[in-house]
Amino acid sequence: MHRVVALVRPVQSTFELGCAVEVFGTVREGVPQYYEVEVCTEFPGQVPTTAGYAISVDLGLGALTRADTVLIPGWSPVEAPLSAPVRRALVRAHDRGARLVTICSGVFALARTGLLDGRSATTHWARAAQLAHEFPRVRVEPDVLYVDHGDIATSAGAGAGIDLCLHLVRKDHGAAHAALLARHMVLPPHREGGQAQYAPPQQPGDALDGLLDWAGARLGSPLSVGDMASYLSVSQRTLARRFADRLGTSPGAWLLARRIVEARALLEETDLPVEAIAVRVGLASAVNLRRRFRAHIGTTPGAYRRAFRVG
């Protein structure tokens, strides 16, 4: 049996811990059981949870010495320091070959060990910028559902923890077993796209003298960067400099992103066919919209509409 040991702390998220228990620890009729789950904490006893009740955890950090996979199911608050004993236990587990896995904010604890330095990792889209700021040696990937290096794996928001756990089952025991387990959990064995499709569209913080509103109202027309520069009566070079200074992007990249934002809204709120949406947002054809949409959102317009259609 592959031993999965979850390291919890006050105040522990019940959902994120539950993700690991459901995938690795729940016995189901007709599904082979390849894992066993244990829960440990730095100071055994009653551990408060986000649900308002406490869980009784009898095992201390010594449980990590016999783990095949060490799982950190969230870390709240994310600013909470990592004690020296916990850090040593995690590093020693990794050194002896245990797989280290985090769900959502659990990556902040792992980052404090230094084991993520020079590696890519992910977390919930709302915490990605904070992770990148606090740990500049970690290459943060804010759009993916999970990142797996083999010995270390991190997931995005709490629900993506299930995606990562099923991915690990698939890697350990094959796609057929992971699909069987997912069927029992009434879940897709693999979710299409990344977490960019769940993050709210970013709104620009500077109107650039009315240019952004002007351009946003004309997305369906053959609008170019030259047209945008003409609106402000500046050169395209000056326009590019202003966009870089104020928005951290280029005029062309902003315009494309704005078209994608509008396409998302139309997919969510209307029954317009993809071809009509492509024309309305200035991407000319369904083929171009699908290509741009997948590049930016990580999924297709059709799949996005099925997931987020309003009403």
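A compact table of results
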{"read-out": "Close pairs from region 124-147: first within 22 Å of CYS165 (Cβ to Cβ), partner in a strand (DSSP E or B) and hydroxyl-bearing (Ser, Thr, Tyr), Cβ under 7 Å, at least 6 apart", "value": "GLU141/SER120; LEU145/SER155; TYR146/THR154; TYR146/SER155; VAL147/SER120; VAL147/THR154"}
{"read-out": "Selection status of GLU36, at pLDDT 95 or above, under 18 Å from LEU168 (Cα atoms), open to solvent by 10 Å² or more (accessible area, probe 1.4 Å) and not polar (S, T, N, Q)", "value": "yes"}
{"read-out": "Positions within region 1-33 being closer than 15 Å to LEU71 by Cβ, open to solvent by 30 Å² or more (accessible area, probe 1.4 Å) and in contact (Cβ under 8 Å) with a residue 60 or more places away in the chain, in sequence order", "value": "HIS2, ARG3, ARG9, PHE15, GLU22"}
{"read-out": "Sole residue being touching a residue at least 12 places away in the same chain (Cβ under 8 Å) and part of a loop (DSSP other than H, G, I, E, B), chosen from GLY252, GLY282", "value": "GLY282"}
{"read-out": "Sole exception among (1) in a helix (DSSP H, G or I); (2) surrounded by 20 or more Cβ atoms within 10 Å (Cβ to Cβ) for ALA126, by number", "value": "(2)"}
{"read-out": "Count - residues of region 55-77 that are in contact with a Gly (Cβ under 9 Å, 6 or more places away or on another chain) and open to solvent by less than 60 Å² (accessible area, probe 1.4 Å)", "value": "6"}
{"read-out": "Filter pass, ARG258 being open to solvent by less than 60 Å² (accessible area, probe 1.4 Å), modelled with pLDDT of 85 or more, out of contact with any Phe, Trp or Tyr (no Cβ under 6 Å at 6 or more places or on another chain) and outside the structural domain of ASP143 (by the TED database)", "value": "no"}
{"read-out": "Single residue of region 129-150 satisfying the filter (in contact with a strand residue (DSSP E or B) (Cβ under 6 Å, 6 or more places away or on another chain) and either part of a strand (DSSP E or B) or more than 21 Å from ALA80 (Cβ to Cβ) (or both)) that is least open to solvent (accessible area, probe 1.4 Å)", "value": "VAL147"}
{"read-out": "Region 106-123, residues that are open to solvent by less than 50 Å² (accessible area, probe 1.4 Å), in a loop (DSSP other than H, G, I, E, B) and either in contact with a strand residue (DSSP E or B) (Cβ under 9 Å, 6 or more places away or on another chain) or at pLDDT below 95 (or both)", "value": "THR113, LEU115, LEU116, GLY118, THR122, THR123"}
{"read-out": "Number of positions in region 212-249 that are of a type outside the set (A, V, I, L, M), in a loop (DSSP other than H, G, I, E, B) and in contact with a Lys or Arg (Cβ under 9 Å, 6 or more places away or on another chain)", "value": "1"}
{"read-out": "PRO188, sole failed condition from (1) in a loop (DSSP other than H, G, I, E, B); (2) open to solvent by less than 30 Å² (accessible area, probe 1.4 Å); (3) of a type outside the set (A, V, I, L, M, F, W, C)", "value": "(2)"}
{"read-out": "Residue match in region 61-75 (condition: more than 18 Å from GLY114 (Cα to Cα), part of a loop (DSSP other than H, G, I, E, B) and over 23 Å from the mean Cα position of the chain (by Cα))", "value": "yes"}
{"read-out": "Search result, residues across region 191-211 that are modelled with pLDDT of 65 or more, outside any helix (DSSP H, G or I) and under 24 Å from the mean Cα position of the chain (by Cα)", "value": "ARG191, GLY194, TYR198"}
{"read-out": "Residue satisfying condition, being modelled with pLDDT of 90 or more, open to solvent by less than 80 Å² (accessible area, probe 1.4 Å) and under 26 Å from LEU145 (Cβ atoms), within set LEU272, LEU267", "value": "LEU267"}
{"read-out": "Conditions (1) at pLDDT 85 or above; (2) surrounded by 15 or more Cβ atoms within 10 Å (Cβ to Cβ): number failed by THR249", "value": "(1)"}
{"read-out": "Pick from region 78-90, criterion outside any loop (DSSP other than H, G, I, E, B), open to solvent by 30 Å² or more (accessible area, probe 1.4 Å) and not charged (D, E, K, R), ranking: farthest from GLN130 (Cα to Cα)", "value": "PRO85"}
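The values are calculated or read from the model by the stated rules, or taken from the named source; none is laboratory data. Since the model is a prediction, treat every value here as computed from it, not as a measurement. Backbone-built Cβ (ideal geometry, glycine too); neighbour counts: all protein chains shown. Side chains are part of the model used for accessible areas, which takes the heavy atoms of the whole protein and leaves out ligands, DNA and RNA. Shrake-Rupley method; radii C 1.70, N 1.55, O 1.52, S 1.80 Å.
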